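Here is the structure we will look at.
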Amino acid sequence: MVWIAIRMLTGDATKFYGLLFGIAFSTLLITQQLTIFVNLIERGASGVYNVPSADVWVMDPVSRTTDVNLPMPSTALDRVRSVPGVEWAVPHLRAAASVRTKEGDLEGVSVIGVDDATLIGLPRRMASGSTKVLEQPDAVVIDDVGTTRFFPEGYDPVGERLELNDQRAVIMGVADAIPSFTSQVTLYTRYSRALNFVPGTRNRLSFVLVGAAPGVDAKTLATRITDETGLRARTRDEFARDGIDFIIENTGIPLNFGITVMLGFIVGVAIVGLTFSLFIRDNIKQFGALKAIGVNNAKIRRMVAAQAAMVGSIGYGLGVLGTVAFIWSFSSNPTFKGFYIPWQVPLISLAAVTIILTLTGWIALRNVLRTEPAAVFR
Amino acid sequence: MSDVAPFAPGDPATAIATRGVVRDFTAGQQTIRVLHGIDLDVRAGELTYLVGESGSGKTTLISIMCGILWPTEGEVRLFGTDIYNLSDNELVDFRLRNVGFIFQQYNLIPAIDAAANAAVPLIAQGVDRGEARARATELLAALNIGDQADKLPSQLSGGQQQRVAIARALVHQPRLIVCDEPTAALDARSGRRVMDLLREVALADDRSVIIVTHDNRIFDLADRILVLEDGRITHDGRDMPKDY
Ligand SMILES: Nc1ncnc2c1ncn2[C@@H]1O[C@H](COP(=O)(O)OP(=O)(O)OP(=O)(O)O)[C@@H](O)[C@H]1O
Ligand SMILES: [Mg+2]
């Protein structure tokens, strides 16, 4: 009977494609929007992800994220270094600055000052040039996505001069970095140089980046640093999470994406529900005849379930493929740099599709189950 | 109707027996009694006509007799089984094994071909699809439309569709075949041919065939004619009453 059910479904091409479209559309909308959402809020942690060598981030107790921080006095560095279990500790400066481009435009940038000696604080890889270039005076390294904001596509920025706080800066390399949430241009330079680029008061040390000694657990070390220095210390994972939470709490992004995902779900219910009900209504005579002939309700239920499963699996597959195609086709766009589909997302849309089909299938099925077999003689 | 004998359990000649069958329909506040105590015995191997004016209760009666409509009161025995005492699923299964249906609008499934349509009762019984199809095709050949087995219902003429519907009613060799207005959609000649066919194929193995019809062109083919008037049987005989 399942075979007959499938043939009934595919035999009605308009409704079959309508159902597929509804499911595929919902899946696409939900999967794609959730994917963008997750990737976007993860950008809140990009500052942390870009420095994978730091096990612990130490900061003023009121600092919240890589971008929302209150600088500390430079003495904090030595206090952190004296805590047992600290293998190394380096200064890290993060501040906003304005840059005047060659065209004379003023642009906001983030300036990141990395440790002069070790260059810890730079992204792991360079897109062009070597990290050595920072040894030259006035040298800055720009992030790759930021490059596309300052310069035309395909332009090599190496050698370009910028004016940072009335100081001359020369771009000497391009870092392969995860873009920040705002995709703001980021300029990396040595800590000592950064102090000149960023106007400010006595306290300039945004963070102390700490490497744990072998065998020392980051969480334990962070607690110990806080206990001994009174500073806030977060492990890499905790601080990444702080950055993400900050975006979730302080922007309308979760609400906006939530609304779109909800719409995807509702549109799915509407299209699939209507088409399914129309399909069942068109076939109600046949279902009635089957019931009279001797097909019991359990078998009818199985028939409709098979129809739903067929539409669901194909439509869902198309929707996920569509998302993959979308992410893939935009992968060269700097805004979408590094976007991936977290494994939870397809599972969530699968659950949504299952709910849509169970709900609409159940509503459509009720009509069949309610049909009296005697109705076939009418 | 008081002279009807009580049930004779075990009488193999009795296909259908109804006792005191009453059916009410409720429409809004009103309850209308459509059947007023029908007592009837239908023997196996007979072609029975049920005739009467529109609204007299023919469809209601035939539906109750074949197990698709519950009577408000009374008892129906099909081949000795008190069918309305069965559970829902048992009754569905009973129909699947014992009753063949021919509907006025055929109700073929548009998406599957003639052979598959004719094979539906076997498939529903769980018979292997290939075997079900083979048996259905054989029957279509016996009904002279063997060459149409691979066509979809929409590619068949009305008469051909009717034959597919007949094949579907016979393919699982049910002991009772019920038809509501099987010839209404056909011209006189086709209608007669269908009735001849039913006589020939259906009655061959001592089956019972009950046909609801208005079609006075084919009255001469019946073994027995029952006339229903306002929910009561007012005539029972081999021929139509003179004044009808
Ligand atoms: N489901 C129902 N609900 C309410 N009333 C019904 C229902 N089915 C039948 N009736 C009523 O019962 C009466 C008999 O109906 P039935 O269909 O048995 O007549 P019929 O003899 O088959 O008529 P026709 O020749 O027009 O098919 C009619 O008055 C009809 O309105
Ligand atoms: Mg009728």
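The values are calculated or read from the model by the stated rules, or taken from the named source; none is laboratory data. Computed from a predicted structure; not experimentally measured. Here Cβ is always computed from backbone atoms with ideal geometry, including for glycine, and neighbour counts include all displayed protein chains. What goes into the accessible areas is simple: the full protein's heavy atoms, side chains included, and nothing from ligands, DNA or RNA. Shrake-Rupley method; radii C 1.70, N 1.55, O 1.52, S 1.80 Å.
Brief remarks follow.
- Cβ-Cβ distances below 7 Å connect the following pairs, each with a first residue in the stretch B:175-189 that is hydroxyl-bearing (Ser, Thr, Tyr), a second residue that is within 16 Å of ligand 2 (Cβ to nearest atom), and a separation of six or more residues or different chains: B:Thr183/B:Thr213; B:Thr183/B:Asp215.
- Residue check, A:Ile348 within 14 Å of chain B (Cβ to nearest Cβ) and part of a helix (DSSP H, G or I): no
- Filtered residues of the stretch B:161-200 (kept if more than 23 Å from B:Gln125 (Cα to Cα) and either within 16 Å of ligand 1 (Cβ to nearest atom) or modelled with pLDDT of 90 or more (or both)): B:Asp180, B:Glu181, B:Pro182, B:Thr183, B:Ala184, B:Ala185
- The residue that is farthest from B:Gly57 (Cα to Cα), among those in the stretch A:353-378 that are surrounded by fewer than 22 Cβ atoms within 10 Å (Cβ to Cβ) and within 16 Å of ligand 2 (Cβ to nearest atom), is A:Glu372.
- Here A:Thr186 fits the description: closer than 27 Å to A:Thr335 by Cα and of a type in the set (S, T, N, Q).
- Residue identified as among the aliphatic types (A, V, I, L, M), within 14 Å of chain B (Cβ to nearest Cβ), more than 18 Å from the chain's Cα centre (by Cα) and under 16 Å from A:Leu9 (Cβ atoms) among A:Ile271, A:Ile293, A:Ile284: A:Ile284
- The residue that is most open to solvent (accessible area, probe 1.4 Å), among those in the stretch B:36-66 that are within 16 Å of ligand 1 (Cβ to nearest atom) and assigned to a loop (DSSP other than H, G, I, E, B), is B:Glu53.
- Members of the stretch B:67-79 that are more than 9 Å from ligand 1 (Cβ to nearest atom), part of a loop (DSSP other than H, G, I, E, B) and of a type in the set (A, V, I, L, M): B:Ile68
- With respect to the conditions (1) within 13 Å of ligand 2 (Cβ to nearest atom); (2) within 16 Å of B:His235 (Cβ to Cβ); (3) touching a Phe, Trp or Tyr at 6+ places or on another chain (Cβ under 9 Å), B:Leu50 falls short on a single one, namely (3).
- Helices (runs of 4 or more DSSP H) (entirely within the stretch A:1-60) containing at least 3 residues that are within 30 Å of A:Gly294 (Cβ to Cβ) and within 14 Å of chain B (Cβ to nearest Cβ): A:2-11, A:13-42
- When residues of the stretch A:315-347 are limited to those that are open to solvent by 70 Å² or more (accessible area, probe 1.4 Å) and touching a helix residue (DSSP H, G or I) at 6+ places or on another chain (Cβ under 6 Å), the one nearest to A:Ile284 (Cα to Cα): A:Leu318
- Complete set of residues in the stretch B:109-124 that are open to solvent by 10 Å² or more (accessible area, probe 1.4 Å) and either more than 8 Å from chain A (Cβ to nearest Cβ) or of a type in the set (Asp, Glu) (or both): B:Asp113
- Hits in the stretch B:140-168 - residues which are over 22 Å from B:Leu203 (Cβ atoms), hydrophobic (A, V, I, L, M, F, W, C) and part of a helix (DSSP H, G or I): none
- Single condition B:Ala134 does not satisfy, out of (1) within 14 Å of another protein chain (Cβ to nearest Cβ); (2) without any contact (Cβ under 8 Å) to a residue 12 or more places away in the chain: (1)
Yes or no, residue by residue, for (1) among the small types (Gly, Ala, Ser); (2) open to solvent by less than 40 Å² (accessible area, probe 1.4 Å):
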residue	(1), (2)
A:Phe16	no, yes
A:Phe25	no, no
A:Asn39	no, yes
A:Ser46	yes, yes
A:Tyr49	no, no
A:Val83	no, yes
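- Only one entry in A:Ala305, A:Ala298, A:Ala292 is more than 30 Å from A:Tyr49 (Cα to Cα) and open to solvent by less than 30 Å² (accessible area, probe 1.4 Å), namely A:Ala292.
- Candidate set: the stretch B:201-212, residues that are at pLDDT below 85 and hydrophobic (A, V, I, L, M, F, W, C); chosen: the one most open to solvent (accessible area, probe 1.4 Å): B:Ala204
- B:Asp215 under 30 Å from A:Arg301 (Cα atoms), buried (at least 17 other Cβ atoms within 10 Å of the Cβ), within 16 Å of ligand 2 (Cβ to nearest atom) and at pLDDT below 90: no
- Residues of the stretch B:161-184 satisfying the condition of being closer than 26 Å to B:Arg217 by Cβ and open to solvent by 50 Å² or more (accessible area, probe 1.4 Å): B:Ala184
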